[in-house]
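Following: one structure in structure tokens, then a few remarks.
Any read-out appearing in this document is the output of simple, stated calculations on the displayed coordinates, not a laboratory observation. The structure displayed is predicted, hence computed values, not measured ones. Here the Cβ is made from the backbone with ideal geometry for all residues, glycine too, and neighbour counts use every protein chain on show.
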Ligand SMILES: C[S@@+](CC[C@H](N)C(=O)[O-])C[C@H]1O[C@@H](n2cnc3c(N)ncnc32)[C@H](O)[C@@H]1O
């Protein structure tokens with residue numbers, strides 16, 4: 001891939017802090033038309049690319065972003081953490097603004113977010129520092145860097161809970177079927193995955209429903225569902241690796 005072209009795309013300030021690998025993938029999907037590439041990047045990373053969405057401070061920011069604004073975090077986390085029992089660490093993949101809900105999680109919990117948008121990562125880490133939240137930070141990485149994600153998971157205390165809220169769509173649109181490989185791999189390195197999907201889409205209804213069925217069937221075949229519930233336009237699934245031996249070995253060693 002032409003490095004010059006990646007740099008050209010990143011010349012516009014809003015894209016300047018995206019990892020090169022993310023821009024490279026967008027180029028491989030959209031072709032070498034700079035307008036198309038930027039429009040694709042805006043579609044999946046756009047809202048966080050300007051600091052405008054990071055209005056307010058800490059948990060106030062949750063109210064200004066589309067994915068988190070309708071969530072009632074109090075009851076939602078009560079349900080999620082209640083179902084999971086003991087949690088050693090939360091790893092929030094594609095965390096976006098959700099990292100600002102840290103204060104609403106069980107006090108002092110180990111938290112690592114992974115996010116491609118550098119502007120958001122800086123703002124989140126500033127928030128953790130100013131709030132004295134020493135057990136929380138966000139890493140600036142591309143989720144397609146699976147080796148890095150697995151290494152990060154390995155370093156976290158067990159039982160590890162992965163949050164994958166409204167991220168599958170972005171992964172699938174940048175590489176078809178990547179989320180299958182991704183879910184199987186992270187399932188091996190975690191004790192729980194909490195995944196969320198939007199219940200409705202404003203556009204492309206048929207494609208949206210087909211994808212939703214596809215992901216739910218895949219989860220049914222490969223994971224055990226601990227709980228599944230719908231709240232405020234979002235379906236949450238708490239799942240774990242189906243294979244008893246994997247879990248057994250995790251516990252013994
Ligand atoms: C729809 S938002 C959801 C944000 C958050 N998980 C929530 O539900 O509140 C998707 C997030 O995933 C991030 N993202 C998408 N693809 C990514 C990638 N390849 N690497 C890292 N982050 C990514 C986006 O920047 C964005 O913050």
Legend entry - As computed over the chain, the Cα convex hull volume per residue (Å³): 127 Å³
Legend entry - FRET efficiency estimate (nearest 0.05) - Cβ-Cβ, residue 64 to residue 199, R0 30 angstrom: 0.90
Legend entry - Cα-based helix-to-principal-axis angle, 73-84 vs the chain, degrees rounded to 10: 50 degrees
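Express the Stokes-Einstein translational diffusion coefficient of region 3-49 in µm² s⁻¹, to the nearest whole number, given a Kirkwood radius over alpha-carbon pairs, 25 °C and a viscosity of 0.890 mPa s.
Details: Rh = 10.2 Å.
My calculation gives 241 µm²/s for D.
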Inset, instruction - Can you pull the one-decimal nm distance between simple spin-label points at residue 130 and residue 225, each 7 Å off the Cα toward Cβ? - result: 4.1 nm
Inset, instruction - Would you mind checking the tilt of helix 178-188 against the longest principal axis of the Cα atoms of the chain, expressed as 0 to 90 degrees and rounded to 10? - result: 30 degrees
Inset, instruction - Would you mind checking the tilt of helix 118-131 against the longest principal axis of the Cα atoms of the chain, expressed as 0 to 90 degrees and rounded to 10? - result: 50 degrees
Legend entry - Helix-only mean residue ellipticity at 222 nm for the chain, each DSSP H run of n ≥ 4 adding -39500 (n - 2.57), per residue, nearest 500: -14000 deg cm²/dmol
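Considering Cα pairs under 8 angstrom that are at least six residues apart, work out the relative contact order of the chain and quote it in whole percent.
Details: 352 pairs, mean separation 39.5, N = 253.
Here the relative contact order equals 16 percent.
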